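Step one of this worksheet: look at the structure below.
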Amino acid sequence: MFQRCNSALALVLLSLTPTVCSAQNPHAYPLSGDVAVTHDPSIIKEGNTWYVFATGKAPDGGQFAVRCSQDLEHWKLCGHVFDAVPGWIHQRSPATRDLWAPDISYVHHEYRLYYAYSLFGKNTSGIALATNKTLDPASPAFKWIDKGMVFESRASDNYNAIDPNFILDGKGGWLDFGSFWDGIKMWRLDDSGMLSKKDTTLYSLARRAKPETTEPPPLNLPSNWQAIEAPFIVRHGGFFYLFTSWDLCCRGLKSTYRTMVGRSKSVTGPYLDATGKPLAEGGGTEVLVANSRWLGPGGESILLDPKGKDLIVFHAYDAKTGKPFLQLSTVDWTGGWPHAALAQESPSQ
C-alpha cells in the first residue's frame, strides 16, 4: 500500500532517503458512456454522484452539458445549465452562439458556476456567474439562477476575460482567468462572488515567454507563442498550485495543448516551476503531454478529495479521428509536485 506524503516536507524527506515516500502511480480511469465531445470539463461531487460540466451546446440543445457518474468510469448525460444563451449576453455580444469554460464550486451553501462568453480569438469577452442550491435535477430545490456579468474585457485591454476559476484562500475568494494576450490574471471577489470593491488590483500570475524566433501572428489574432489559458488553482500541502494549458486547443488532429503547473505560498503569487523559474516569465512544469493515442491534453480542473484520491479531469483528442473526449486521472503529489496519467486506450461507447 502506498503512503501519502506531506507535500510541504516531501522534497526534504526524499532528499534524505528515497524510501520515505512511494509514488502512488497516477491512475487513468477507463471511461465509458457519454464522454465524447467534451471540452473544458469541470468536476464536483454532491452526495454519491460526480458531476462534470463542459463547454458549449448540449446534445439536447441547452448550454453546458452536464455528465453524471457514481463510479468515475461510467458517465451519462444528465441535463444542462441554461436552455439557451441568456438574453443579456446576446445584447452585449450578439454573435455569441455558445458559452464556454464552466467552473463549478461550492461556497456559502450554494453551487457557483462561473462561465465565459466570447468570440473565438477575440478579447471582447465576459465572465458571468450562475448559482444553484443543488446539482440533483430531481430535487425540488434545483434551479439555476443567472446572476449576470462579473466583469468583461475590451479590445483595449491586455487580457481576455475567459476561462474563469474560483479559488478560496484564508481571506476569501479569488477569480483567476485569461487566455493569450498578456496571460493569466486574477481579481479579488467579495462574499457574493462578484468583484471586490475593496481590493481592485489586477494581479498577473503567468504568461508565455517570447521565443527568439517567431512566426507572424494570424490575422487580427495574438501570436501562437502567447498561448496560455485554462487556469486552475488548488491549495495542497502548504502551496497554491496553478495549472494552465499551453499551446493550441480545439484543432482536432492539430491540437497541441499540454498541461503545465507552478506553485506559490500565496494565492496571488509569485508562482514558480520545479526549476524555480517564475510562471510570470514563461516558467512551467509539465503535468500532461500528448501520447500516441491522445493529443492535446488540457482544459483541466482539479477535485481535491479529503479521503486522499485527488482527481484531474481534462479533455484530449483522439489521435485517429481528432474528436475530443473526457479524460480523468488520479493525482499523485509525490515530491511536492502533481503527477497525472493520460489514457492509452479508447473509451467505450
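On the basis of being closer than 21 Å to Gly283 by Cα and not basic (Lys, Arg), does Leu221 make the cut? Answer is no for this residue. When Thr334 is tested against (1) hydroxyl-bearing (Ser, Thr, Tyr); (2) in contact with a helix residue (DSSP H, G or I) (Cβ under 7 Å, 6 or more places away or on another chain); (3) under 22 Å from Phe166 (Cα atoms), only condition (3) is not met. Of all residues in region 101-115, those that are open to solvent by 60 Å² or more (accessible area, probe 1.4 Å) and either within 17 Å of the chain's Cα centre (by Cα) or at negative phi (or both) total 1. Scanning region 235-249 for residues that are open to solvent by less than 10 Å² (accessible area, probe 1.4 Å) and in contact with a Leu (Cβ under 7 Å, 6 or more places away or on another chain) yields one hit, Leu242. If you check Pro137, Pro164, which single one turns out to be under 18 Å from Ala65 (Cα atoms), in contact (Cβ under 8 Å) with a residue 24 or more places away in the chain, open to solvent by 60 Å² or more (accessible area, probe 1.4 Å) and out of contact with any helix residue (DSSP H, G or I) (no Cβ under 9 Å at 6 or more places or on another chain)? Matching residue, one of Pro137, Pro164: Pro137. Residues in region 215-227 that are in contact (Cβ under 8 Å) with a residue 12 or more places away in the chain and touching a helix residue (DSSP H, G or I) at 6+ places or on another chain (Cβ under 9 Å): Pro218 alone.
The set of residues from region 51-74 being of a type in the set (Phe, Trp, Tyr) and open to solvent by less than 10 Å² (accessible area, probe 1.4 Å) comprises Phe53, Phe64. Note on region 28-50: among residues that are within 24 Å of Thr321 (Cβ to Cβ) and of a type in the set (Asp, Glu), the one that is surrounded by the fewest Cβ atoms within 10 Å (Cβ to Cβ) is Asp34. Restricting Gly252, Gly262 to residues that are over 18 Å from the mean Cα position of the chain (by Cα) and either open to solvent by less than 20 Å² (accessible area, probe 1.4 Å) or more than 29 Å from Glu73 (Cβ to Cβ) (or both) narrows the list to Gly252.
Contact map, region 321-336: first residue more than 14 Å from Val234 (Cβ to Cβ) and of a type in the set (Asp, Glu), second residue assigned to a helix (DSSP H, G or I) and open to solvent by 20 Å² or more (accessible area, probe 1.4 Å), Cβ cut-off under 6 Å, separation 6 or more or different chains; the map is empty. Annotation: Ile145 fulfils all but one of (1) among the β-branched types (Val, Ile, Thr); (2) open to solvent by 30 Å² or more (accessible area, probe 1.4 Å); (3) under 18 Å from the mean Cα position of the chain (by Cα); the unmet one is (3). Of the candidates Ala343, Ala274, the single residue that is within 25 Å of Ala54 (Cα to Cα) and open to solvent by 10 Å² or more (accessible area, probe 1.4 Å) is Ala343. In region 172-193, is there at least one residue being charged (D, E, K, R), under 20 Å from Pro338 (Cα atoms) and surrounded by 21 or more Cβ atoms within 10 Å (Cβ to Cβ)? Yes, region 172-193 has at least one match. Within region 205-222, which residues are of a type outside the set (A, V, I, L, M, F, W, C), out of contact with any strand residue (DSSP E or B) (no Cβ under 6 Å at 6 or more places or on another chain), modelled with pLDDT of 90 or more and closer than 25 Å to Phe314 by Cβ? Within region 205-222, just Arg207 meets the criteria.
The values are calculated or read from the model by the stated rules, or taken from the named source; none is laboratory data. Here the structure is a predicted model, which is why all the values come from computation and not from measurement. We place every Cβ from the backbone using ideal geometry, glycine too, and count neighbours over all the protein chains shown. Ligands, DNA and RNA are stripped out before the accessible areas are found, and what is left, the full protein with its side chains, is counted by its heavy atoms. Shrake-Rupley method; radii C 1.70, N 1.55, O 1.52, S 1.80 Å.
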